[in-house]
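The next block holds one structure in the form of structure tokens; read it before the comments.
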Amino acid sequence: MFKPAITGTGVFTPDQTITNDELVASFNAYADKMNAQNAAAIEAGEIEPMQHSSSEFIYKASGIKQRHVLDKEGVLNPDVMHPQLRQRADDEPSVMTEMAVDACKKALTQAQIDASEIDLVICAASNMERAYPAVAIEIQKELGAGGFAFDMNVACSSATFGLQAAADMVRAGSVRKAIVVNPEICTGHLEWRDRDCHFIFGDVATATVVERSEDAKGAFFEIISTRCATEFSNNIRNNNGFLRRSRPDGVADRRDMQFMQNGRKVFKEVVPMVSAHMLAHLADEGIAPDNLRRLWLHQANKSMNDFIGKKVLGRTPENGEQPNILQDYANTSSAGSIIAFSKFSDDLESGDYGVICSFGAGYSVGSVLVKRH
Ligand code: COA
């Protein structure tokens with residue numbers, strides 16, 4: 001058995017950003033347009049008018065200030081209300097691959113290894129750009145990596161579940177060096193016309209190199225253990241899929257063909273599930289929460305993270321103990337906890353423990369206990 005370690009991480013951040021004020025101005029213009037179009041039905045009491053969104057609400061309810069996106073123009077155009085991406089030919093890299101390769105190169109540089117040494121690529125994300133061939137295999141080709149590659153989707157927990165898969169294979173010796181990459185184009189599955197959720201997501205890609213501790217060339221985080229759990233829930237759901245065309249009303253512009261959630265229920269049910277999961281993981285490893293130097297949590301909602309941090313540590317987390325990045329990136333699905341880890345882990349000292357923890361649709365929760373070396 002080998003000891004798996006994280007030796008490098010990388011983040012691809014799209015250049016374009018949308019502030020809450022910009023987003024709200026566009027949403028309100030769309031709402032006004034729809035209300036004008038539906039004036040007669042509204043007047044007759046047949047439908048409710050669309051209500052305006054508000055930047056104050058968004059920040060207070062979520063902690064989000066802005067999001068990075070691949071296409072600002074399409075999202076903000078009240079006549080479009082979704083990203084518009086260039087059509088790509090089959091012989092050019094897909095969008096997910098392009099983002100992934102950028103993040104992977106940064107992670108490989110930090111790990112000081114060449115892409116050709118990688119013998120496993122896992123593309124773990126909430127949405128895949130196509131059904132097949134696997135996006136991971138295209139990333140493998142573009143990087144010049146060896147071995148094998150596959151896609152996996154566990155929604156917001158894709159990154160931690162991917163890390164468990166990679167760490168287990170490195171531990172067992174079936175692979176020597178793996179990269180887990182999370183290109184999340186969340187703007188593609190978000191319903192920008194729905195006031196309840198239009199502010200939630202942003203785009204990003206993260207990558208993490210996992211290899212044997214003994215092979216590490218610089219400072220690294222040993223993966224002590226991982227733990228994954230799932231419990232079925234319809235509270236976060238997207239009904240889009242390959243059978244869409246086969247169903248009588250599948251092709252219509254239906255609300256459930258994009259991200260849907262019952263945010264309040266998610267909040268109430270997921271906070272205790274995640275806290276209990278992390279505490280049980282730590283207890284089984286004989287590590288007291290007091291011994292944790294840092295929590296890198298899933299980045300969906302600031303209050304949610306405050307609750308979880310307090311429950312796990314048994315006190316209000318101090319400044320920097322539980323860093324949030326969602327104010328700048330919004331919810332980037334599985335990539336969120338990895339962005340936090342990538343940006344806020346350099347200052348840990350040898351022997352320090354931390355936990356990367358993701359949670360979301362499924363429900364799913366994944367925790368990765370690491371120790372700095
Ligand atoms: N602008 C202004 N008001 C808004 C609004 C907006 N954009 N969106 C909703 N509101 C209104 C609602 O209509 C509601 O009004 P009402 O009280 O008159 O009915 C009120 O604000 C509260 O809405 P609610 O949806 O209950 O807000 P919330 O406090 O639960 O916050 C979320 C919403 C989504 C931010 C929050 O529930 C959340 O983050 N949940 C966890 C989600 C999560 O982790 N998901 C994982 C996704 S991968």
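Sort out for me the strands (runs of 3 or more DSSP E) sitting completely within the range 65-159 that have 1 or more residues that are in contact (Cβ under 8 Å) with a residue 60 or more places away in the chain and buried (at least 24 other Cβ atoms within 10 Å of the Cβ). Full working, then the answer.
Details: elements: 66-69, 120-124, 148-152.
Result: 66-69, 120-124.
Being of a type in the set (Gly, Ala, Ser), closer than 30 Å to Phe341 by Cα and touching a Gly at 6+ places or on another chain (Cβ under 9 Å), is that true of even one residue in the range 51-58?
Here is the first cut: in the range 51-58, the residues of a type in the set (Gly, Ala, Ser) are 53-55.
Pick out the ones that are also closer than 30 Å to Phe341 by Cα and you get 55.
Retained after the next criterion (residues that are touching a Gly at 6+ places or on another chain (Cβ under 9 Å)): none.
No - not one qualifying residue is present in the range 51-58.
State all residues of the range 6-29 that are surrounded by fewer than 21 Cβ atoms within 10 Å (Cβ to Cβ), closer than 30 Å to Ile223 by Cα and β-branched (Val, Ile, Thr); if no residue qualifies, say none.
Listed by number, the list holds a single entry, Thr13.
For the range 334-350, name all the residues that are surrounded by fewer than 21 Cβ atoms within 10 Å (Cβ to Cβ) and not in a loop (DSSP other than H, G, I, E, B).
First, the residues of the range 334-350 that are surrounded by fewer than 21 Cβ atoms within 10 Å (Cβ to Cβ): 343-344, 346-350.
Across the range 334-350, the qualifying residue is only Lys343.
Tell me whether the range 158-173 contains one or more residues that are small (Gly, Ala, Ser), modelled with pLDDT of 95 or more and within 16 Å of the ligand (Cβ to nearest atom). Write out each step before concluding.
We begin by selecting, within the range 158-173, every residue small (Gly, Ala, Ser); these are 158-159, 162, 165-167, 172-173.
Within this subset, residues satisfying the condition of being modelled with pLDDT of 95 or more are 158-159, 162, 165-167, 172-173.
Remaining after also requiring within 16 Å of the ligand (Cβ to nearest atom): 158-159.
Looking through the range 158-173, at least one residue is small (Gly, Ala, Ser), modelled with pLDDT of 95 or more and within 16 Å of the ligand (Cβ to nearest atom).
Can you find a residue in the range 41-51 that is touching a residue at least 40 places away in the same chain (Cβ under 8 Å), within 15 Å of the ligand (Cβ to nearest atom), surrounded by 21 or more Cβ atoms within 10 Å (Cβ to Cβ) and farther than 29 Å from Gln164 by Cα?
Initial filter on the range 41-51 (touching a residue at least 40 places away in the same chain (Cβ under 8 Å)): 50-51.
Within this subset, residues satisfying the condition of being within 15 Å of the ligand (Cβ to nearest atom) are 50-51.
Then keep just the ones that are surrounded by 21 or more Cβ atoms within 10 Å (Cβ to Cβ); that gives none.
No, because not a single residue in the range 41-51 is touching a residue at least 40 places away in the same chain (Cβ under 8 Å), within 15 Å of the ligand (Cβ to nearest atom), surrounded by 21 or more Cβ atoms within 10 Å (Cβ to Cβ) and farther than 29 Å from Gln164 by Cα.
Filter the range 351-373 for residues that are farther than 19 Å from Cys156 by Cα and in contact (Cβ under 8 Å) with a residue 60 or more places away in the chain; which is surrounded by the most Cβ atoms within 10 Å (Cβ to Cβ)? Reasoning before the result, please.
Here is the first cut: in the range 351-373, the ones farther than 19 Å from Cys156 by Cα are 351-354, 370-373.
This time we only want the ones that are in contact (Cβ under 8 Å) with a residue 60 or more places away in the chain, so: 353-354, 370-373.
On the way: Tyr353: 21, Gly354: 21, Val370: 27, Lys371: 20, Arg372: 19, His373: 17.
Selected residue: Val370.
The values are calculated or read from the model by the stated rules, or taken from the named source; none is laboratory data. As the structure is a prediction and not an experimental result, all values here were calculated from the model. All Cβ positions, even for glycine, are placed from backbone atoms using ideal geometry, and neighbour counts span all protein chains on display.
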